[in-house]
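Below is one structure; the comments refer to it alone.
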Amino acid sequence: MPTYTIIVFVALALLGALIAWLGDVIGARLGKRRSSIFGLRPRQSARLIAAIIGGVLPLLGLGVAMVGSRYARLAVLELGDLLRQREELQSRITELQEDAREFEQRAQSAEERAVEAEQTAEELQQVTSEQRDQISGLEARTGELQARAGELSQRVESLTSRREQLEANLGAARAGLREAEENLRTSEASLTASEEELEARRGEVAAKQRQVQTIELELNRVRSELPSVQRELTSTRQELESKVAELERRELALGEIEARLERVTQRQELISQRPALFEPGDELIRVVISSDDTQDQMVSQLYEILHLASAAARRKGVPEGSNGRAVIAVAPIPNWTPATAREIPETWVVQHVATELRTGGAAEWVLRVRAFRRQFPGDEMQLAVDFEARPNELEFRQGEVLDEFVLRADTDELRLIQGLWHRIADDDSVVRNRAIAEGMLPRPNSSSYGATDLAEIYAAVQAVQAGSGNMLVQLKSAADTYTRGPLLLNIEVKPAERPS
C-alpha cells in the first residue's frame, strides 16, 4: 500500500476521534449547564449536538480527502464521467480486440495465401524446368531431323541426277548397239567382208549389249532405291513438321507458365511486402525527463509526450482514436504479450511507467515512444506504442579518443576520404562498437552513432597529405556525450612518431 494512502487513513482516524471527543465534551457541558437550543430540553439539545457532530464527521473526512487527493475529487465530482469513460473504453477495447482478431485472421489468411503462392511458384518453376528440358530435347531432335532431311534431299537429288545420267547413257548405249547391230548385219550381208572384220563387229555388238545391260541394272537399282529414299524423306519431313508444331506448342505453354509464375510472384510480393507506415520498434519521439517530479507531474509529462508522438504519427496518416490522439499506450512490461497488452487501460500503463521512472534510481531518463505493432496505410485503428527508458548517463567526455589509426601521407586523396568515412560510418567500426558497449542510443530509426561533416573529413585528409610518412589520425568526442546522443566527432591528425 502506498505511503500516501496510509497517511490519509491515519489522519482521517485521528480527525474522527478528535471530532467525536469534541462532540462528547460539548454535549457534556451542555448537559451540566442544562442549556437549551431552539427551546428544546437539555437532553434533547445534547442529542441534537451529537447528531450534528455525527453528520459533520463524514463530511469533514470527505472534505479532507478531496483537499488532499486529486483522485478523491475525481471520484466525488466526476464519478459519472469516469464511469461513462470507463464504459466507452471498455467498448473501445472490445472493438479493438475484435479488430485485432480480424487483423490476425487476415494476416493468417495472407500468410496461408503466401504459402500457397510459394508452393504454386515452386510447382510452376518445376514445370517450367521440365518444359525447358523437353523443349531442349525437341530442339535437338528437330536439328537432327533437319540435318537428316538435308542429307536425304541431297541423296534424292544425287539419285535423280544419276538416274537422268544413266537414262542418257542408256539411250546412247542403245543407239550405239543399234548402230553396231546394223553394222553387223551389213557386214554379214556383205560377202566380201573378211572373217576378222566380222568377228570384230560381233565383239563390238556383244560389248555394247553388256554395257546396255549394266546400265539397265544400275538404272533399275536407282529406280528401286529412289522411292524408298523419297518415302524416308517424306516421313522425315512429316516428323520434322510435327516436332516443330510440338515445339511451338510447348513454347506457348512455357510462355503461359512463365506469365502465371510472374503473376503468382507479384501476388506473393503484394501479400508479403505491403509497405508499412510503422514497423515494431520504430521511434516516434525521444525526450529526457527528470525523476524528481511528483507522480502527478510525471503522469502529466507522459501524456504530453504521447501528444507529441501522436503528432508524429498523424503526419504519416495514422487516424485519431476516441482519446483524441493517433497513438495509444500499451503495456511496456516484457512478459506481457501484444494480445494482453491491448487489454490494459492506458491510464494504468501511464501510471505504471511514471512510478517506474520515479523509483528507478536514475536522476534523468531518456524516454522513447516506439511503435508496438506494424501499422499499414488505410488502417482505421490507432497506432499502439510503448515506452522504453534508459538512464541518461555521461558516456564520453569531450576530447576522449574513441579510435586511432595510421594513414600514409602519400595515399591517394580519394582513398583517404573513403578510409576515414568507413572508420566512422561502417557497421563494424570501433566508434560504433564502443558506443554500443557503453549503452548509447543510435540516431532515431537508424543504427549509426558517430557523426561529422564532410568538410572536417576533407580538412583531415588535407592535413594527412600535408605531412610526411605515417600520420596518426584520432577520432575524438566533440563534446560531453550522454546516452541520448548524438555522438559528434572531431578528427585530429599528427605525425605518428609524436607521443599521443
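Every number in this text was worked out from the coordinates using simple rules, so none of it is lab data. In this text the structure is predicted, and so the values were computed from the model without any measurement. Cβ coordinates were reconstructed from backbone atoms using ideal geometry, including for glycine residues, and neighbour counts include every protein chain displayed.
Highest mean packing comes first when the peptides 452-459, 212-219 are listed by Cβ atoms within 10 Å, giving 212-219, 452-459. Taking a straight line from the alpha carbon of Lys243, these aspartates and glutamates sit under 14 Å away, with near neighbours fewer than eight places off in the same chain left out: Glu139, Glu144, Glu251. Of all aspartates and glutamates in the structure, the ones whose alpha carbon falls short of 14 Å from that of Lys316, not counting any fewer than 8 places away in one chain, are Glu279, Asp282, Glu283, Asp379, Glu380.
Couplings 3J(HN,Hα) for the stretch 476-492, derived from phi with the Karplus relation 6.51 cos²θ - 1.76 cosθ + 1.60 (θ = phi - 60°), are 10, 5, 6, 7, 4, 10, 9, 4, 4, x, x, 8, 9, 10, 10, 10, 10 Hz, where x marks Gly and Pro. Phi angles across the stretch 296-313 convert, under the Karplus curve 6.51 cos²θ - 1.76 cosθ + 1.60 with θ = phi - 60°, into 3J(HN,Hα) values of 5, 5, 5, 4, 4, 4, 5, 5, 5, 5, 5, 5, 5, 5, 4, 4, 5, 6 Hz, Gly and Pro given as x. Classify the stretch 358-452 as rounded, prolate or oblate, taking a ≥ b ≥ c as the square roots of the eigenvalues of its Cα gyration tensor: rounded when a/c is under 1.5, otherwise prolate if a/b is larger than b/c and oblate if not. The shape class here is oblate.
The separation of the stretch 448-473 from the stretch 140-157, counted between C-alpha centres, amounts to 74 Å.
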